[in-house]
1. To one decimal place, what orientation-averaged projected area in nm² is obtained for the convex hull of the Cα set of chain B?
2. How large are Rg and Dmax for the range C:378-481 when calculated on the C-alpha trace, in angstrom?
3. For the range B:34-121, what is the relative contact order in percent, using Cα pairs closer than 8 Å and at least 6 residues apart in sequence?
4. Rg and Dmax of the protein assembly as shown, using alpha carbons, in Å: what are they?
5. To one decimal place, what Kirkwood hydrodynamic radius in Å is obtained for chain C from all pairs of distinct Cα atoms?
6. May I ask for the distance between the Cα centers of the range C:415-453 and the range B:32-98, given as a whole number of Å?
7. Using the Kirkwood radius built from alpha carbon pairs, what does the Stokes-Einstein equation give as D for the range C:438-477 at 4 °C and 1.567 mPa s, in µm² per second?
8. Treat the count of other C-beta atoms within 10 Å as a stand-in for reagent exposure and order C:Met433, C:Met169 from fewest to most.
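None of the figures in this text is laboratory data; all of them are computed from the coordinates on show. Keep in mind the model is a prediction, meaning the values are calculated, not measured. Cβ placement follows ideal geometry from the backbone for every residue including glycine, while neighbour counts extend to all protein chains displayed.
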Amino acid sequence: MNLLIAILTLVLLLVVILVISAPLRPARRAGGIIRTGEQAAENRAELEAAREAKYREIRDAELDYRTGKLSDEDFAATDGALRAEAVEILDRLGARERES
Amino acid sequence: MNPARKRTVRLVVALSAAVVLASALIYTSFSAASPALTPSQLIHQAQPGRSYLLTGTVVTHSVVRSGEELNFSVADRAGGAAVPVAYTGTVPDPFREGREVIVTVEKRGGQYVGERNSLITKCPSKYKEAPASEKQNS
Amino acid sequence: MAALGRACLLLALAVCVYGIGASIYGVRAGRPEFSESGRRSVYALAGILTVAFAVLEVAFLHNDFAFNTVADTSSRTTPTFYKAAAVWSSQEGSLLLWAWLLSLWSSLVLFLTRGRLREVAAYATAILLGFGGFFIALMVFYAQPFATTSPAPSEGVGLDPLLRFPTMMIHPPMLYSGYTLCTIPLAFGMGALLARRVDADWIRLTRRFAFAAWFFLGIGILLGARWSYSELGWGGYWGWDAVENASLMPWLTGTAFLHSLMIQEKRGMLKVWNVSLVLATGTLAIMGTFLVRSGVLNSIHAFGGATLGVPFVCLIGVLLAGSIYLVVSRRDMLRSEHRLDSLLSRESAFLANNLVLVALCFVIFWGTYFPLISQALTGKEASVGPPWFDRYTVPLALILVLLSGIGPAIAWRRATLANARRNFLAPLAAALMTLIVLLAVGVGEKPFAIGMFCCAAFVLGSISQEFFRGMRARGAMAGEAPPVALMALVRRNRRRYGGYVVHIGIAVLFVGVAASSSFQHASELGLSPGQSTRVGAYTVRYVRPTASVTPDYDSASTQGGRELSAVLRSEPGVTLAPDSARTGASLSLGAVLDVSKNGHHVTTLRPSEGYYDSGDPTQGSVGHFIGGQPVSHVALNAGVTRDVWSAIAPNIETPQLKRIIALGNKTLPFIRPGEGIVAIAVMAGAYIHNPPQAQFHFIVSPLVMWIWIGGLIVIGGAMIAIWPAPSAVRRRVAARSRARAAHGLVRA
């Protein structure tokens with residue numbers, strides 16, 4: 001029984017070490033290229049998240065208008081502002097894509 | 001009034017309201033609170049008309065029920081002075097002699113009257129004191 | 001096997017320490033492979049703790065009483081379901097559950113965010129492993145789940161009968177899931193501050209985790225309230241006990257966060273506020289965990305004797321100091337991008353909602369920790385009771401419900417005054433009508449209850465209006481029939497309309513709370529069989545006593561069985577209840593109550609009190625059968641308009657019954673265990689023949705069921721809000737929005 005437990009513990013230890021050290025072993029390392037690639041991916045993810053949020057805002061504003069919470073003038077003003085903000089984000093995304 | 005000024009005014013008003021409310025809250029908590037006392041403390045300090053939280057252990061063979069009223073004595077956890085309590089209201093399931101209780105009492109005449117439905121009995125432990133043998137590390 | 005468990009804990013601790021180091025090194029030195037290794041440490045931790053938890057579960061299921069926790073909380077006769085759940089009924093086991101759940105949720109979150117927010121995630125990993133390591137260190141040094149005694153006892157103490165209810169056993173895992181999930185936004189919040197990245201991506205991810213935490217914590221709180229009401233002998237669902245409050249506080253700040261995060265998303269405002277809320281929620285969750293275990297406050301769960309107080313205080317101190325430092329030192333990147341445009345806007349309403357929620361949290365915090373505060377400030381310990389809590393929370397709750405009806409009817413950024421006036425007309429009319437009806441019916445003496453009913457009517461009016469108008473708008477735009485339009489509307493705007501449903505649920509819940517607390521009739525009754533008495537409009541009659549006996553599971557022994565059957569044959573009033581497997585009470589004494597109103601039969605209630613085996617030989621060979629913790633089995637007749645509830649406290653200390661027990665103790669030796677239960681059957685028979693007066697607790701509460709219904713509506717609304725749109729729909733929407741945005745630029 002004790003031998004079984006010792007073996008189980010050892011196996012567990014081995015599995016843990018394998019799992020944790022996997023990224024550190026030489027075959028996986030690819031250094032700087034991954035890093036800059038990740039950085040670019042992160043910036044893109046952030047912009048995409050901002051874009052989705054802006055789209056949702058535009059749809060919310062339209063729903064607000066159609067359910068009678070905004071007057072015509074207020075809606076036009078809000079809608080225009082939101083669309084301008086959205087286009088700005090799209091431009092930045094486009095620039096990012098052209099870079100990579 | 002320009003927007004910046006309006007915002008400052010709003011902020012000041014909001015903060016003042018918060019401070020006033022918080023002060024009211026804090027003030028009333030001190031006057032509405034019942035001090036927690038052990039039986040020996042209660043005997044010495046209790047003033048009639050004020051309510052206190054009595055904490056202690058139910059004394060063995062002291063529990064007598066007469067109709068709606070439950071009479072029992074509460075002693076210090078370490079033993080010693082005991083206080084008789086006349087209580088009406090819900091009696092929690094875990095209540096029995098030897099258990100730790102908290103009950104809100106008020107001194108009326110020579111008696112301590114328990115406030116209705118204020119009896120709390122300790123849930124016999126999930127979280128007991130560790131027995132002596134396990135206390136080595138700590 | 002205990003050795004394996006102990007080895008797991010040590011290995012887990014080592015993995016935590018390594019993971020913290022690797023993650024931080026990876027992020028500071030720009031070596032992503034180390035951060036990756038740190039993330040994998042969390043997966044490894046989850047694996048190790050799963051093994052440890054399995055070891056403990058198996059020990060419980062196999063009755064391995066060498067384990068101290070098994071011996072303390074389980075026994076051979078405990079039903080299997082409760083054996084499995086008894087793992088978390090002890091301090092040590094519950095710590096293991098907490099750490100295990102933390103590792104599972106952390107693994108899930110880190111897996112879902114792999115490849116995004118690299119730096120933030122690395123710091124978050126370190127913080128989560130820090131929490132994990134803290135709890136594991138507690139288990140290694142203070143409260144060991146795998147401590148053993150040798151030689152192993154042959155039988156355990158058994159699970160406290162008070163915990164032998166299904167709801168009570170599911171409540172801790174639900175609650176712990178909520179608490180551990182609260183630490184994840186905390187970790188990501190601190191990580192974002194450390195990495196100086198509080199942006200749209202962080203918002204998106206943190207919202208999901210905060211939502212999950214809010215969801216599970218809410219379910220845990222509801223389950224606890226339901227257990228308290230339907231199983232415990234006091235008939236209430238909320239007592240402002242320290243432990244209840246501890247779980248409510250992070251839920252309140254979590255709710256505030258979910259709302260104010262929307263403002264940050266839309267306007268880039270309230271960044272400091274949001275980050276502070278996230279940190280506060282996590283810290284309050286840790287404080288909640290601490291409250292139950294440290295014995296620092298007097299409450300149902302813990303009294304006086306401190307056990308884990310010091311380490312927790314240190315942890316909370318570190319959290320507070322760290323949070324304040326981070327927010328202050330990063331304040332330059334937390335500046336608002338915009339300011340509040342107008343007081344008449346949804347942002348304003350959300351801000352007001354936040355302030356009310358935080359005020360509620362503050363009130364509850366102050367009241368809960370008051371014994372410590374007064375001790376620190378005045379040297380004397382004092383507590384505030386439920387009346388103090390009610391005085392401040394009730395008005396705040398009223399304002400909160402009112403706001404939940406105002407928010408949906410106002411637009412973002414800047415609402416038009418004329419439109420706002422029009423939008424509030426119908427809800428105000430609904431509230432006014434409700435007021436008139438209530439006053440006419442004659443319930444004028446309870447102003448707060450009336451206030452709550454009117455606010456709820458306002459909310460229901462406002463939200464119904466929203467659904468109706470939205471449906472009509474969609475129908476006009478897309479040419480769909482009303483039911484189809486409604487479905488499409490909700491499907492395309494899940495967050496909004498799911499949120500509206502949640503608001504409806506909250507309003508309904510508060511209606512139930514207001515009605516059941518303000519208009520309740522409760523009485524203590526002392527009745528003998530045949531007697532009846534009046535409680536309010538109801539008449540309660542004690543029809544007859546009931547008794548049932550459950551032999552222990554071993555005494556299928558024929559000798560004992562025959563004698564028992566013989567006794568029971570001669571006592572027709574006593575039933576044999578072999579199916580008390582639910583709770584395992586040796587003896588159950590109760591009553592049949594007939595409840596009627598105005599001469600019409602309303603319901604028949606059968607409350608009883610279960611007496612359990614204490615396993616304590618000093619109580620005698622017969623006495624021990626009923627010497628354990630008695631548990632009330634309440635009788636509840638739930639109805640749509642009112643609940644009728646009763647509990648009984650039978651008198652088993654009459655001279656006759658005591659004599660039977662004493663006789664049994666003297667004449668029946670322990671060596672024939674099957675016979676002891678026969679004496680109990682005789683006692684039960686005597687009780688039936690000569691029933692003494694019994695004490696009854698009788699409550700009629702209006703509209704209690706609507707609390708649970710409201711809770712279910714909240715859960716339903718939450719699920720609508722969080723349900724992801726199918727990706728095809730999402731792509732279509734995105735493409736169309738893009739085209740229209742570009743079109744807008746041309747037009748402007």
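1. Orientation-averaged projected area of the Cα hull: 15.3 nm².
2. That works out to 19.0, 72 Å for Rg and Dmax.
3. Contact order relative to length: 30 percent.
4. That works out to 31.2, 101 Å for Rg and Dmax.
5. By the Kirkwood definition, the hydrodynamic radius is 29.1 Å.
6. 47
7. After rounding, the answer is 109 µm²/s.
8. Going from least to most buried by this count: C:Met433, C:Met169.
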